[in-house]
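The values are calculated or read from the model by the stated rules, or taken from the named source; none is laboratory data. What you see is a predicted model, and the numbers here were worked out from it, not measured in a lab. For neighbour counting, all protein chains shown are included, and Cβ atoms are generated from backbone atoms with ideal geometry for every residue, glycine included.
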Amino acid sequence: MKKCFFLNNGYLYPLFLIMILSFSCKKKESNIIQNQETFLGQDDLTEKDSITISVRLAPKEITGFNIKDKYYQNYFLEFNNSGLKDTIIIKRILRIHKKEVISYSGGYINNGKIVRYQHHYLILKAPINLNFKYIKGDLVLENSDNVVIVDDLYNDYNQIDSKIFNKKGKSSKANLKSELESIFNKNTKLDSKEAYNALNYIHYLANLQGIYPKDSRIESYLINAKDPIASSPYSGLLYTFAKNRIRSFDFKKLNENKYSKRYLKRISLGIFNFLRYEGNKGDKQYSDAINWLKTSDLYKNNIKFINKEINPLDNRAFKEKLGKLSLLDTSYKETSFSKVINKNPSNYYLIDFWATWCKPCIEGVKIMKKMSIPKNVSIISLSLDKKKEKGKWKTMTKELTQNISYLVKEEDIENKEFLKFIELESVPRYILIDKNMNLIDESFLHPSEPQFLPKLKDIKYAKYW
């Protein structure tokens, strides 16, 4: 899912690599300005505990990387040149993992077609200095220390993972395993760095798990691996391991059998990331997993954050705050969300928080226009554009033919409290409610995701939070 971000402050929760499309503008001046910036609140980072990344940007260019946080999920490290001169932006960030992969996905439009780039950099040891130049939607690595480019490795596994996880094609398990073995053997290199082969094995196990979920090598790896490489295949391995066993784990034995701390940490990370996923959050059928997670060191050291992630919003408070949301219609007349509901009766509503400057938001609107949205679902478009941009919003909402469209009053205190309550830090954001404003899903799927329409069509079976 692509998102436009309001805050460059940390944690994003997708399970796999987030695709960020970066768009370039024409240069206006050629001077270079150096900007030094620390990240994640670390003001005293040394070379040994940090990664230094510099990006050369033309005026008005924005780009960035996906980097794994301590929960092995992505956060987006943004580089934004808002000025009128060529700029080298330098950021020094805390190094959380001994070995990790940072990833970039971007592209540009050429003759009406999108040219895409994907890069993956395996970082081995400190000190790390990465220097990039942003050219036509691509981040070109100019020079680096202790880094291995692993694009080919990821590309090879991309050939099979869609077959396995998206159930494409009619290959048997045996044929899929044979294809997977070939990719693994191709990328096993005797003359390569040890970390490259270790990353190759993580890719192999992550895909093998999609074919044979209970293969003993998967659990053996999680028990014995010393320093797994922080990467998308590793986070996927943890998540899927927990998903496949969430109902069969003997949680009592997990604590009694005196497993190693590192194994229990990996189990708790997998279970946490499974429970926080939007389709599982707050589901009572996972109460045993929740109770066990609360006994883990991961939970004890991050109680406030984990509670927030695995527990849904309070429905009563949500309804109260949503009903009072102050809005402007396209004639700039003030109204409230409650009045909008009364004026547009429906069994269910999909609230689309968006903004005119957000390309993924606009993409989502256009995709929904081509869909057969169920008749019992109405889409309410709520723009988060600034008041000074209300003219631009009015023009674009008409161009996009958003039938129920309002501007959220940015200066309203209760509006600010509501956005803080739902922790809206990025758009697009989709929230699903019923006609009585009961919360069904506080973070619904993006229209580009395969399950978006099927879930809407099965909305009558949805469980209220």
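Of the numbered criteria (1) over 24 Å from the mean Cα position of the chain (by Cα); (2) aromatic (Phe, Trp, Tyr); (3) more than 30 Å from Lys386 (Cα to Cα), the one Tyr332 fails is (3).
Conditions (1) among the polar types (S, T, N, Q); (2) over 30 Å from Asn158 (Cα atoms); (3) free of Cβ contacts under 8 Å to residues at least 60 places away in the same chain; (4) not assigned by TED's automatic domain parsing to the domain that holds Arg95, marked per residue:
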position: Asp215; (1), (2), (3), (4): no, no, yes, yes
position: Ala225; (1), (2), (3), (4): no, no, yes, yes
position: Phe241; (1), (2), (3), (4): no, no, yes, yes
position: Asn244; (1), (2), (3), (4): yes, no, yes, yes
position: Lys258; (1), (2), (3), (4): no, yes, yes, yes
position: Asp297; (1), (2), (3), (4): no, yes, yes, yes
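Scanning the range 175-200 for residues that are over 11 Å from Leu153 (Cβ atoms) and part of a helix (DSSP H, G or I) yields Asn175, Leu176, Lys177, Ser178, Glu179, Leu180, Glu181, Ser182, Asn185, Glu194, Ala195, Ala198.
Going by the conditions given, is Ile362 aliphatic (A, V, I, L, M) and within 23 Å of Lys460 (Cβ to Cβ)? Spelling it out, it is not the case that Ile362 is aliphatic (A, V, I, L, M) and within 23 Å of Lys460 (Cβ to Cβ).
The set of residues in the range 386-406 that are within 21 Å of Ile367 (Cα to Cα) and touching a strand residue (DSSP E or B) at 6+ places or on another chain (Cβ under 7 Å) comprises Trp393, Thr397, Gln402, Ile404, Ser405, Tyr406. Taking the conditions exactly as written (in contact with a helix residue (DSSP H, G or I) (Cβ under 6 Å, 6 or more places away or on another chain), touching a residue at least 40 places away in the same chain (Cβ under 8 Å) and either outside the structural domain of Ile67 (by TED's automatic domain parsing) or crowded, with 16+ Cβ neighbours inside 10 Å (or both)), does Gly210 satisfy them or not? Taking the combined requirement at face value, the residue satisfies it.
Within the span defined as the range 349-358, one or more residues are among the acidic types (Asp, Glu), touching a strand residue (DSSP E or B) at 6+ places or on another chain (Cβ under 8 Å) and either within 26 Å of Lys420 (Cβ to Cβ) or buried (at least 17 other Cβ atoms within 10 Å of the Cβ) (or both). All conditions in (1) closer than 26 Å to Ala195 by Cβ; (2) of a type outside the set (Phe, Trp, Tyr); (3) in the same structural domain as Ile67 (by TED's automatic domain parsing) hold for Ser82, with the sole exception of (1). Taken over the range 77-131, the criterion of being surrounded by fewer than 19 Cβ atoms within 10 Å (Cβ to Cβ), among the aliphatic types (A, V, I, L, M) and within 30 Å of Pro228 (Cα to Cα) is satisfied by Ile90, Leu94, Ile96, Leu124, Ala126. Condition check for Asn244 on (1) touching a Gly at 6+ places or on another chain (Cβ under 6 Å); (2) of a type outside the set (Ser, Thr, Tyr); (3) over 19 Å from Asn74 (Cβ atoms): one failure, at (1).
From the list Ile123, Ile149, Ile160, Ile109, pick out the single residue that is aliphatic (A, V, I, L, M) and farther than 23 Å from Ile202 by Cα.
On inspection, the qualifying residue turns out to be Ile109.
Looking across the range 91-113, the residues that are outside any strand (DSSP E or B) and in contact with a strand residue (DSSP E or B) (Cβ under 8 Å, 6 or more places away or on another chain) come down to Arg95, Ile96, His97, Lys99.
Scanning the range 358-379 for residues that are outside any loop (DSSP other than H, G, I, E, B) and among the charged types (D, E, K, R) returns Lys359, Glu363, Lys366, Lys369.
Among residues of the range 374-397 being of a type in the set (Val, Ile, Thr) and buried (at least 16 other Cβ atoms within 10 Å of the Cβ), the one that is nearest to Glu449 (Cα to Cα) is Ile379.
Would you check if Tyr154 is out of contact with any Phe, Trp or Tyr (no Cβ under 8 Å at 6 or more places or on another chain), at pLDDT 90 or above and crowded, with 16+ Cβ neighbours inside 10 Å?
When the stated conditions are applied, Tyr154 passes them.
Taking Asp352, is it farther than 23 Å from Arg276 by Cα and either under 26 Å from the mean Cα position of the chain (by Cα) or not β-branched (Val, Ile, Thr) (or both)? The answer is no for Asp352. For Ser248, indicate whether it is over 30 Å from Lys125 (Cβ atoms) and surrounded by fewer than 13 Cβ atoms within 10 Å (Cβ to Cβ). The answer is yes for Ser248. If you go through the range 320-348 and pick out every residue that is among the basic types (Lys, Arg) and either in contact with a strand residue (DSSP E or B) (Cβ under 7 Å, 6 or more places away or on another chain) or modelled with pLDDT under 95 (or both), you end up with 1.
For the range 232-293, which fully contained helices (runs of 4 or more DSSP H) count at least 2 residues that are under 25 Å from the mean Cα position of the chain (by Cα)?
Values: elements: 232-245, 251-256, 261-276, 287-293.
Filter on the range 232-293 gives 232-245, 261-276, 287-293.
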